[in-house]
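Below is one structure, written out as structure tokens; comments come after it.
The values are calculated or read from the model by the stated rules, or taken from the named source; none is laboratory data. As the structure is a prediction and not an experimental result, all values here were calculated from the model. For neighbour counting, all protein chains shown are included, and Cβ atoms are generated from backbone atoms with ideal geometry for every residue, glycine included. With ligands, DNA and RNA removed, areas are computed over all heavy atoms of the protein, side chains included. Shrake-Rupley method; radii C 1.70, N 1.55, O 1.52, S 1.80 Å.
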Amino acid sequence: MMLQIKDLAVSTNGQNILKNINLEIDKGETVVLFGPNGCGKTTLLMSIMGLGGYKIEKGKIIFKGKDITNIPVYERVKLGIGIMFQRPPTVNGVTVRQLVKLCGDEDLDVGEIAGTLRANSFLDRSVNDGFSGGEIKRSELLQLIAQEPDLVLLDEPESGVDVENIALIGKAINKLLDKGVMKYSNGLSLKEHHTRRYRPGLIITHTGYILDYVPADRGIVFMNGHVVCGGNPFEILNIIRDKGFEECKKCDKKHKRQIQ
Amino acid sequence: MRQKTQKTNPVKEILLENLVEEKGYEHPYQEDLSLISQEDKERMLHAGVNLNSKERSGTFIMKDQSVIHCNIKQPGIELLSTSVALEKYDSLKNYWWKLLLPDTDRYTEHVKNHDARGYFIRAKAGAKSYFPVQSCLFLEDPGVVQSVHNIIIAEEGSELEILTGCTSNENSETSRAHLGVSEIYVYKNAKVTYSMIHNWGENIQVRPRTGIIVEEGGTFISNYICIRPVKDVQMDPIARLVGKGATALFNSILVAEPGSMMDIGSRVILEEEDTKTEIVSRALTTGGVITARGLIRGQAAGCKGHLECQGLVLDGGGQIYTIPELDGMVSGVELSHEAAVGKIAQDEIEYLMARGLSEQDAIGVIVRGFLNVEIVGLPPILKKEIESAIDKIKESAF
């Protein structure tokens, strides 16, 4: 198992957000996390990343066999966790190019990876300063591609993005996760590529649009800080699109009764 | 708890009478720069003055009241000590005390009444300096008051780059003062880039007084950097843009450690059509007190001005007080300002940590970004200076 989350409970600002989360993600697996606003999806990602303001009340996070529950953020990054923020802050005076070099290494040809993301236009602007929704996401993906993480956490990659940008972003995510139909020059078939796939992904989505571009392997539904459902992501998405989260609430109630 | 009360001008007057006035005239002239001590060279280097560099058009060094070196290599650019220039050119009196009045304050008065020395730099019409002309104003003797009077003239269509590094020997025991009057004339379509780096010392009080006049199509760019300790420095240069299309840019980078007091402003008067200006300052304190001022006065239709003051207060009990002023005196002016004083945002630190940086390195990157004003023609040594200041800030942030 690449990532194991055991009995995890997390609070923020004195409020219990996550209660008793159990989740495992295997290598090469792309998992989509569905759930209504405020159900704790982002809290889970922030807890895996180890960001401040999120207090682990109980449970464990294990990555690549190592207990990372209490280690600092940058050490998690060194171990291979990377995150795409939904609303990253502006960092004045630091250009996207400089930040991408900090994520990868000094010799990195930023222009080359920027080309595929059509990011050249904002490479020399301050990070996120007056960026459009699409530019923010492309800048985030650029940093992740430079970082080459072993586990990719994506927080609402499609939010605030127009249709044209979603396709571009979907393609970049597929590249990160060795998914979809890509051009490879090493002579291996796509099937062979997909079986060698190593890097797992955990994607948060509110709308599910990103699934039109990224073929996920498994879906999970979050309600009130715990997992209420798991299964085929496309099937789950179809239900959510048709019924909203009403159907999920039914299972949530049953789940609560079981606990009581 | 008692409120901390803010004084609008925290820099006290210098008690000049307590300092030794008639001193510092006896330092010998040094034709050969290699005879200058390694320690002095090192101090000068931290103020941007490089005596070994080939990339300087000329060098002027004034130690206390003695001009100890004055040499220019480039034709078309003239560099003389003002005492020599006043004898050589009778017409220089037309430039002497014309942009500033001697009775402006006690410091200009002192400069007027004492035998002030300084440099005279002139770029002849159409001449362009390939490399900066560097000047070093150096304080050596205990208790000395250095009185300086400089004249800069950029004739029509010329381009002049000047780098002034101000420093002292490492004797921090006694009080010393530097009073500097500079009058800068930028003629039609000429361009002057004037970079000043202060690397004084903990017991030194500094009062530069600068007047600038820019004619039609001319450009004046000022870069001021003060990131090393100083007892106090107070200045508020004034630029008058008197010709159509004239431009003035002022950039300041200020870092105040505990014990340092800085009151730094820039004033620009837009007197003609289509003149424009931008005043940008970045102030950071780790315990010192900074007053950052800016004034833009629009007196002609179609003039434009923007004022930007950003302050960062880190732990250490320091203070940043910004006073941006805009004065539109006719219709058709466009003046704006933005000012912000704050702290290093936690979410920015965490964002960078999520990219693999330690907390300390993340702070370093943010501070570096904050101080990164686009400085035109900033010599590499100054970038190194700013880097070393950032390293110090990183340490003190913990």
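What lysines does residue B:244 reach when the alpha-carbon gap must be under 26 Å and sequence neighbours fewer than 8 apart in one chain are set aside?
Straight-distance partners of residue B:244: B:98, B:124, B:128, B:188, B:191, B:276, B:304.
Quick one: Cα convex hull volume of the protein assembly as shown, Å³ per residue?
Taking only Cα atoms, the protein assembly as shown has a hull volume of 207 Å³ per residue.
Whats the longest run of chain A with zero chymotrypsin sites (Phe, Trp or Tyr not before Pro) that are DSSP loop and have at most 11 other Cβ atoms within 10 Å?
That would be A:1-183.
Can you pull out the trypsin sites (Lys or Arg not before Pro) in the range B:304-362 that DSSP calls coil and that have at most 15 other Cβ atoms within 10 Å?
The qualifying sites are B:343.
May I ask which of B:63/B:384; B:63/B:343; B:41/B:231; B:23/B:231 have a Cα-Cα span longer than 30 Å here?
B:63/B:343
Looking only at Cα atoms, what is the convex hull volume of the range B:16-343 per residue, in Å³?
Expressed per residue, the convex hull around the Cα atoms of the range B:16-343 is 123 Å³.
Tally the DSSP beta bridges in the range B:16-343 and give the antiparallel ones as a percent, rounded to 5.
10 percent
Going out from 0 in 5 Å bins, what whole percent of all Cα-Cα distances in the range B:40-187 drops into each bin?
Here the calculated profile for the range B:40-187 is 2, 9, 19, 21, 21, 15, 9, 3, 1, 0.
In a solvent-free Debye calculation with one equal scatterer on each Cα, what is log10 I(q)/I(0) for the range A:173-212 at q = 0.18, 0.21, 0.25, 0.33 Å⁻¹, listed in the order of the q values?
-0.57, -0.72, -0.90, -1.23
Roughly how large, in nm² to one decimal, is the mean projection of the convex hull of the alpha-carbon atoms in the range B:139-298?
It is 8.3 nm².
Take the Cα gyration tensor of chain A, multiply each eigenvalue by 5, square-root it, and list the three semi-axes largest first, rounded to whole angstrom.
Value: 29, 21, 19 Å, ordered largest first.
Please give the helix A:133-147 orientation as an angle from the longest Cα principal axis of chain A, in degrees from 0 to 90, rounded to the nearest 10.
Between helix and principal axis, roughly 80 degrees.
Out of all DSSP beta bridges in the range B:29-170, what portion is antiparallel? Express it as a percent rounded to 5.
The answer is about 35 percent antiparallel.
May I ask for the accessible area buried between chains B and A, both sides summed, probe 1.4 Å, to the nearest 100 Å²?
When B and A are taken together, about 1600 Å² of accessible area is lost.
Which percent of the accessible heavy-atom area of chain B goes to carbon and sulfur, probe 1.4 angstrom?
Carbon and sulfur atoms account for 47 percent of the accessible area of chain B.
How many percent of DSSP beta bridges within the protein assembly as shown run antiparallel, rounded to 5?
20 percent
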